[in-house]
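Chemist: One structure, pasted below without further comment.
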Amino acid sequence: MIVTTPRLELRPPRESDRERFVGFFRDPDFMVFHPGAMTEVRAQARFDHMITLCATIPFAKQPVIERSSGLVVGYTGVDRIVFEGRTWLEWGYRLVPECRGLGYATEAARALLATAHRTYTGDLLAIIDPGNLPSRNVCRKLGFTYWKSAPVDGDVRNLYRLPVGPPPPRAG
Ligand SMILES: CC(C)(COP(=O)(O)OP(=O)(O)OC[C@H]1O[C@@H](n2cnc3c(N)ncnc32)[C@H](O)[C@@H]1OP(=O)(O)O)[C@@H](O)C(=O)NCCC(=O)NCCS
């Protein structure tokens, strides 16, 4: 499914995106606030996983394309994670450094969240490093609310939740 906004397009990943994403995942600037840049093997596996997940979840992590340049400038969407013994859909976003500070993450994620509201019912999770203020701001703008602070892979993270799904039927 293709989602368009005034400045961006989101669509499932294609084999032709592989080189760009493997480059992103191996780049420490792109991977800031992540345990680190990936090896070639891990980056290839991560891209394979993106393709697989997008085949089953329409709002899984997928390319964000800048319409004015036609370039893939990052991704947004969910991945599956296990937290405290339960499988969650965790929302994320990541942009190339030159495309940060333009409102792209909020614009892209809002548009893809509309797909989540139509196709899924349940809570989404966001996991944010307490020092990552831009990410905290984006998640709040998307409607996530603070849940708690907890260790994730050994580091304390702030956790936010957002219930999605169709609105409840109106009484009467
Ligand atoms: C976190 C991240 C995705 C945020 O992306 P972003 O596009 O810069 O975030 P926003 O969409 O909120 O835009 C940021 C700023 O752009 C500006 N902006 C917002 N809408 C705009 C618009 N329509 N036109 C121009 N500028 C706009 C605002 O100044 C906004 O700042 P604010 O938060 O004070 O309102 C980005 O910084 C990034 O990739 N960081 C590294 C990876 C990362 O940390 N990912 C999250 C891990 S949890």
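The values are calculated or read from the model by the stated rules, or taken from the named source; none is laboratory data. In this text, all values refer to a predicted model and were calculated from it rather than measured experimentally. Positions of Cβ are generated from backbone atoms using ideal geometry, with glycine treated the same way; all protein chains shown enter the neighbour counts.
Chemist: Taking the options Glu9, Glu19, Glu107, Glu90, name whichever one is acidic (Asp, Glu), free of Cβ contacts under 8 Å to residues at least 12 places away in the same chain and not in a loop (DSSP other than H, G, I, E, B).
Modeler: Of Glu9, Glu19, Glu107, Glu90, the one residue that is acidic (Asp, Glu), free of Cβ contacts under 8 Å to residues at least 12 places away in the same chain and not in a loop (DSSP other than H, G, I, E, B) is Glu19.
Chemist: Would region 40-54 turn up any residue that is within 29 Å of Gly101 (Cβ to Cβ) and among the β-branched types (Val, Ile, Thr)?
Modeler: no
Chemist: Does Thr106 fit the bill of being closer than 22 Å to Glu15 by Cβ and of a type outside the set (Asp, Glu)?
Modeler: Criteria not met by Thr106.
Chemist: For Val78, all conditions in the list (1) assigned to a loop (DSSP other than H, G, I, E, B); (2) under 19 Å from Asp153 (Cα atoms); (3) not basic (Lys, Arg) hold save one; what is the number of the exception?
Modeler: Here Val78 meets the rest and fails (1).
Chemist: Is it the case that Arg136 is surrounded by fewer than 16 Cβ atoms within 10 Å (Cβ to Cβ), of a type outside the set (Val, Ile, Thr) and either more than 11 Å from the ligand (Cβ to nearest atom) or more than 23 Å from Pro12 (Cβ to Cβ) (or both)?
Modeler: So Arg136 fails the test.
Chemist: Looking at (1) crowded, with 17+ Cβ neighbours inside 10 Å; (2) of a type in the set (Asp, Glu); (3) more than 16 Å from the ligand (Cβ to nearest atom), which one does Glu90 not meet, given that it meets all the others?
Modeler: Just one mismatch for Glu90, condition (3).
Chemist: Further question on the same structure: Scan Pro134, Pro130 and give me the residue that is assigned to a loop (DSSP other than H, G, I, E, B), touching a residue at least 24 places away in the same chain (Cβ under 8 Å) and of a type outside the set (D, E, K, R).
Modeler: Unique residue meeting the criteria: Pro130.
Chemist: Which one of Ala114, Ala150, Ala171 is more than 11 Å from the ligand (Cβ to nearest atom), of a type in the set (A, V, I, L, M), in a loop (DSSP other than H, G, I, E, B) and over 18 Å from Leu53 (Cβ atoms)?
Modeler: Just one listed residue meets the conditions, Ala171.
Chemist: Can I ask one more? Please give the number of the condition Ile128 fails out of (1) over 20 Å from Arg161 (Cβ atoms); (2) surrounded by 16 or more Cβ atoms within 10 Å (Cβ to Cβ).
Modeler: Status for Ile128: all satisfied but (1).
Chemist: Considering only region 35-79, how many residues are basic (Lys, Arg), touching a Ser or Thr at 6+ places or on another chain (Cβ under 9 Å) and either free of Cβ contacts under 8 Å to residues at least 24 places away in the same chain or away from the ligand (no atom under 16 Å from the Cβ) (or both)?
Modeler: Residues in region 35-79 being basic (Lys, Arg), touching a Ser or Thr at 6+ places or on another chain (Cβ under 9 Å) and either free of Cβ contacts under 8 Å to residues at least 24 places away in the same chain or away from the ligand (no atom under 16 Å from the Cβ) (or both): 0 in total.
Chemist: Of the conditions (1) at pLDDT 95 or above; (2) exposed (fewer than 14 other Cβ atoms within 10 Å of the Cβ); (3) under 19 Å from Leu124 (Cβ atoms); (4) not aromatic (Phe, Trp, Tyr), Asp29 clears all except one; give me its number.
Modeler: Only one criterion in (1) at pLDDT 95 or above; (2) exposed (fewer than 14 other Cβ atoms within 10 Å of the Cβ); (3) under 19 Å from Leu124 (Cβ atoms); (4) not aromatic (Phe, Trp, Tyr) is unmet by Asp29, namely (3).
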